[in-house]
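Reading through the structure tokens given below for one structure.
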Amino acid sequence: MDAAEFRKRGKEMVDYVADYLEKIEKRQVFPDVEPGYLRPLIADCAPQDPESFEDVFKDIEKIIMPGVTHWHSPYFFAYFPAASSFPALLADMLCGGIGCVGFSWAASPACTELETVMLDWLGKMVNLPEEFLAGKDGQGGGVIQGSASEATLIALLAARTRTIRQVQSENPELTEAEIMGRLVAYASDQAHSSVERAALIGAVKIKNVPSDDIFSVCGSALKKVLDEDKAAGLIPFFFCATLGTTPCCSFDKLLELGPICNKENIWMHIDAAYAGSAFICPEFRHLLNGVEFADSFNFNPHKWLLVNFDCSAMWVKKRSDLIGAFKLEPLYLQHHHQESGLVTDYRHWQIPLGRRFRSLKLWFVLRMYGVKGLQEHIRKHVRLSHQFEHLVLQDERFEICAEVVLGLVCFRLKGTNELNEALLKSINDAKKIHLVPCHLREKFVLRFAICSRTVESTHIKFAWQHISQLATDLLKTREQNHHQQ
């Protein structure tokens, strides 16, 4: 394909994507395929001779689309939102076109510098304390990671290195292995599984701190676990606080937890993967109060801020903590500006060496929506979640299982877990809308997350009427079966 054909085909692809997104609600939100559907549809091995673009293009609808779950459908209410917008798609195209691998400043100065500035923009939008911003000569700063899981892992590994060095400076006779065996990380029993996975990769113990009746971790619960572990000769070194847990969007009590972590010299990382985007709205910013005690903070613009995956924003108070843990300098990666103090080499801030020019997406979206446009997007989703909550509360067969703070509603039929499992199965079998469940304590709960950029009040009403009708059918069938017995 030469440049002339690329122009022609590029325009066709843009039209195809625009049509796909414009007409997405006509597509069934969840696919009908069975596992292994795709292999029989394509050849056993790659073609020896080139094929035409037309042949490849027509296979998109034939082979790919039948197996796509349409995350951007206004009938998709599962997981959490995956952000998408036209400005971000265009920026991703430019990112692919430039095609740099931005591991160091010299590898592409704009790639590094735009990221530093965009993370300062974003940090100011959520009113982060000054220490987290790079500014012209700050100690902190932001970096784009691939996911919140990566940010948690980076924070845990940096905390591990920092603690081992501190303990060894006070007790030179202890080996690294002896210290490692005593290290303990902590997170809420509601925290995302990626926190436990980070501890697994980091080869350290992790303990769940029990959450309270509103699924939040409070200071006294953390203190109790810490006191027990210190008495047993263990070394607490890392606590991951969650703002907006995955099951029910609960918030750990930062203002109680932060001072404890600071006093005990424990690294506090804040995972606000979903909820963090909402902090750009002044009415939700109080949920981040206490961030001033944290060592690192992360949220995903690629969830709720109209920036396509992957773009996970992470800030640290002391970038030397990250660089100190991960810095290696082979000759082939060195460059003559690296000691200038003005230069960031992001390879020291992340797991991979290479990185894409992801800050372009942030730059395009922040400029083309403006803070006000993004705030309106968040507020609309929150309004729609309260609309759904209101509909649920009007039906006495149902109950709401956790406070609705942002764009997630946790609800269920009053009754057994088995009844709610049957309801969810009938919802997802019908494939008109898509939901996923969670467990809150011993209850099986349905999660209704406002996800799509294009979702409107009419989609919420449709979803509720559909759920309500399926519940009626289910209860009627059960009643009949009961009588027949």
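Could you tell me which of the pairs 380/432; 23/62; 23/425; 230/263; 230/317; 205/327 are separated by over 20 angstrom between their Cα atoms in the structure shown? Before the final figure, lay out the partial values.
Numbers: 380/432 22 Å; 23/62 17 Å; 23/425 26 Å; 230/263 14 Å; 230/317 26 Å; 205/327 25 Å.
Table pairs above 20 Å Cα-Cα are 380/432; 23/425; 230/317; 205/327.
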Next on the checklist: Show me, bin by bin at 5 Å from 0, the whole-percent P(r) of segment 429-485 based on Cα pairs.
Outcome noted: 4, 14, 18, 21, 18, 13, 7, 2, 2, 0
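Starting from the Cα gyration tensor of segment 187-273, take the square roots of the eigenvalues, sort them a ≥ b ≥ c, and report rounded, prolate or oblate (rounded when a/c is under 1.5, otherwise prolate if a/b is larger than b/c, else oblate).
Numbers: a/c = 1.67, a/b = 1.21, b/c = 1.38.
Note, shape of segment 187-273 comes out oblate.
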Checklist entry - Just going by the charge dipole of the chain, with Lys and Arg at +1 and Asp and Glu at -1 on Cβ, which of 141, 236, 98 is farthest out on the positive end? => result 141
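How big is the charge dipole of the chain about its Cα centre, in debye rounded to the nearest 20, if each Lys and Arg gets +1 on its Cβ and each Asp and Glu gets -1 on its Cβ?
Rounded to the nearest 20 debye, it is 680 debye.
Using the beta-carbon distance between residue 473 and residue 174 and R0 = 51 Å, what value does 1/(1 + (r/R0)^6) give for FRET efficiency, to the nearest 0.05? Let's see the in-between values first.
Details: r = 65 Å, r/R0 = 1.27.
Efficiency for this residue pair is about 0.20.
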Checklist entry - Want the number for residue 52 to residue 93: 0.36 nm per residue separation, take away the alpha-carbon distance, what's left? => result 12.6 nm
Checklist entry - Largest first, how would 323, 460 line up by accessible area (1.4 Å probe)? => result 323, 460
Next on the checklist: If you count only protein heavy atoms and use a 1.4 Å probe, how large is the accessible surface of residue 93, to the nearest 10 Å²?
Outcome noted: 110 Å²
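Going by a ≥ b ≥ c, the root eigenvalues of the Cα gyration tensor, does segment 271-333 fall in the rounded group (a/c under 1.5), the prolate group (a/b larger than b/c) or the oblate group? List each step's numbers first, then the result.
Values: a/c = 4.23, a/b = 1.66, b/c = 2.55.
Note, shape of segment 271-333 comes out oblate.
Would you please name the trypsin sites (Lys or Arg not before Pro) within segment 436-482 that are DSSP coil residues with at most 15 other C-beta atoms within 10 Å of their C-beta? Spell out each step's value before the answer.
Values: sites: 441, 443, 447, 453, 461, 476, 478; in loops: 441, 453.
For trypsin sites (Lys or Arg not before Pro) across segment 436-482 that sit outside H, G, I, E and B with at most 15 neighbouring Cβ atoms in 10 Å, the list reads 441.
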Item to check | Relative contact order [Cα under 8 Å, 6+ residues apart], segment 100-356, whole percent | outcome: 26 percent
Checklist entry - Relative to the Cα centre, what is the charge dipole magnitude of segment 1-153, using +1 at the beta carbon of each Lys and Arg, -1 at the beta carbon of each Asp and Glu, and rounding to the nearest 20 debye? => result 280 debye
Checklist entry - Given 116, 76, 86, which one lies farthest toward the positive end of the charge dipole of segment 1-116, if we put +1 on the Cβ of every Lys and Arg and -1 on the Cβ of every Asp and Glu? => result 76
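Can you pull the percent of the chain's accessible area that's carbon plus sulfur, 1.4 Å probe, other chains left in place? Don't jump to the answer; show the numbers that get you there.
Details: 12960 of 22920 Å².
Result for the chain: 57 percent of the exposed heavy-atom area is carbon or sulfur.
Does segment 100-356 classify as rounded, prolate or oblate by the C-alpha gyration tensor (a ≥ b ≥ c root eigenvalues; a/c under 1.5 gives rounded; else a/b over b/c gives prolate, otherwise oblate)?
Numbers: a/c = 1.91, a/b = 1.19, b/c = 1.60.
Oblate, since a/c reaches 1.5 and b/c is not below a/b.
Could you give the dipole magnitude of segment 348-474 about its Cα centre, charging the beta-carbon of Lys and Arg +1 and that of Asp and Glu -1, in debye to the nearest 20? Show your work: numbers first, answer last.
Numbers: 20 positive and 12 negative charges, 195 e Å.
Charge dipole, segment 348-474, about its Cα centre: 940 debye, nearest 20.
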Item to check | Unit charges at the beta carbon, dipole of the chain: most positive-side option, 304, 458, 251 | outcome: 458
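Quick check: with the 1.4 Å probe, what order do 23, 136, 124, 263 take by accessible area, largest first? Don't skip to the end; give the middle numbers.
On the way: 23 105, 136 190, 124 135, 263 165 Å².
The most accessible residue leads, giving 136, 263, 124, 23.
Suppose R0 equals 45 Å. What FRET efficiency, 1/(1 + (r/R0)^6) with r the Cβ-Cβ distance, do residue 26 and residue 200 give to the nearest 0.05?
Numbers: r = 43 Å, r/R0 = 0.95.
Computed FRET efficiency for residue 26 and residue 200 comes out at 0.60.
Which value in deg cm²/dmol, rounded to the nearest 500, describes the helix-derived mean residue ellipticity at 222 nm for the chain, given -39,500 (n - 2.57) per DSSP H run of n ≥ 4 and division by the residue count?
Numbers: 14 runs with 206 residues, N = 485.
Rounded to the nearest 500, it is -14000 deg cm²/dmol.
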Item to check | In nm, spacing of pseudo-spin labels at residue 380 and residue 457 (7 Å Cα→C-beta vector) | outcome: 1.3 nm
Checklist entry - How high is the FRET efficiency between residue 416 and residue 207 when r is their beta carbon distance and R₀ equals 41 Å, given to the nearest 0.05? => result 0.85
Checklist outcome for this item: Expected vector for segment 454-470, Karplus 3J(HN,Hα) from phi with 6.51, -1.76, 1.60 and θ = phi - 60°, integer Hz, x for Gly and Pro, equals 9, 5, 10, 3, 4, 5, 5, 4, 4, 4, 5, 4, 5, 4, 4, 5, 5
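The values are calculated or read from the model by the stated rules, or taken from the named source; none is laboratory data. The structure presented is a predicted model; accordingly, all values stated were derived computationally and were not measured. FYI the Cβ positions are ideal-geometry reconstructions off the backbone, even for glycines, and counts take in every protein chain you see. Surface areas here come from the heavy atoms of the whole protein model, side chains and all, with no ligands, DNA or RNA. Shrake-Rupley method; radii C 1.70, N 1.55, O 1.52, S 1.80 Å.
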